[in-house]
1. Work out Dmax and Rg for region A:60-115 from the C-alpha atoms and quote the Rg first, both in angstrom.
2. Which whole-Hz couplings ³J(HN,Hα) result when phi for each residue of region B:29-35 is put into the Karplus expression 6.51 cos²θ - 1.76 cosθ + 1.60, θ = phi - 60°, listed in order with x for Gly and Pro?
3. Considering every residue in B:94-104, what mean count of other chain Cβ atoms within 10 Å of its Cβ is obtained?
4. Which whole-number percent is the relative contact order of region A:16-77 (Cα, under 8 Å, 6+ apart)?
5. Enter the mean number of other protein chain beta carbons within 10 Å of the beta carbon of each residue in A:43-52, as an integer.
6. Can you give me the relative contact order of chain B as a percent, contacts being Cα pairs under 8 Å and 6 or more apart?
7. Out of the DSSP beta bridges found with both residues in chain A, what percent are antiparallel (nearest 5)?
8. Applying the Karplus parametrisation 6.51 cos²θ - 1.76 cosθ + 1.60 with θ = phi - 60° to the phi angles of region A:6-13, what ³J(HN,Hα) value in whole Hz is obtained for each residue in order, glycine and proline being reported as x?
Amino acid sequence: GAVVSQHPSWVICKSGTSVKIECRSLDFQATTMFWYRQFPKQSLMLMATSNEGSKATYEQGVEKDKFLINHASLTLSTLTVTSAHPEDSSFYICSAARLAQETQYFGPGTRLLVL
Amino acid sequence: GENVEQHPSTLSVQEGDSAVIKCTYSDSASNYFPWYKQELGKRPQLIIDIRSNVGEKKDQRIAVTLNKTAKHFSLHITETQPEDSAVYFCAASTGGYGNKLVFGAGTILRVKS
């Protein structure tokens, strides 16, 4: 397999603040990573595709100015939730695949609670 | 775009029985179909996947079948155990590196001992 980590594992913040979540591929390089959001008892909804060295591709309905994605290296992608509001509270999960392979491995997720 | 439907939404079986979860997809270009198992509060973990050039794949108690003509694929778990209890997600992709997965809604599997 392949190991993907996320940090932090959980975060509580006040409404209006920004929160940064890191996704790292620990034992492989990935030019593409994916960010998902999962609400309780629901499926994984793709938010955006993170591309190393270029702009992220956002899914329809996802505000790119609110969910900032930076993929600065072959092992790190970050998701920043700007001006977070209670409705942004969710489980955020990233995934990545080894170069030239299609199997995606998921990070452990970050639970965000906005008060 | 791709749409994946998954049934049933919940499934309860007695320990030792078999469990079958079915998914259908809409995009005939999809050619990669993974299944993930997610325990409460944990990350989804790949349990098996199949590509469109294969009709069936088996790994111990888990098997996946694919019918390209009907555009559906199924997960079969035999001799279920309590530790199989989790949420199972199917997904579809046009395959290749960097191509996104479209997930089904998930199936809650409960194995009663």
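1. 13.1, 41
2. Ordered by residue, 3J(HN,Hα) equals 7, 5, 9, 9, 9, x, 10 Hz.
3. Numbers: counts 1, 1, 4, 10, 12, 5, 10, 8, 4, 7, 2.
Going residue by residue through B:94-104 and averaging, the value is 6.
4. Values: 87 pairs, mean separation 21.1, N = 62.
In percent, rounded to a whole number, it is 34.
5. So the per-residue partner count for this stretch is 3.
6. On the way: 285 pairs, mean separation 41.5, N = 113.
After rounding, I find 37 percent.
7. On the way: 34 of 38 bridges.
Percent antiparallel among DSSP bridges in chain A is about 90.
8. Values per residue, Gly and Pro as x: 9, 8, x, 7, 8, 8, 10, 9 Hz.
Read-outs: derived from the displayed coordinates by stated rules, not from any lab. The structure presented is a predicted model; accordingly, all values stated were derived computationally and were not measured. Ideal geometry is used to build each Cβ from the backbone, glycine not excepted, and the neighbour counts take in all protein chains shown.
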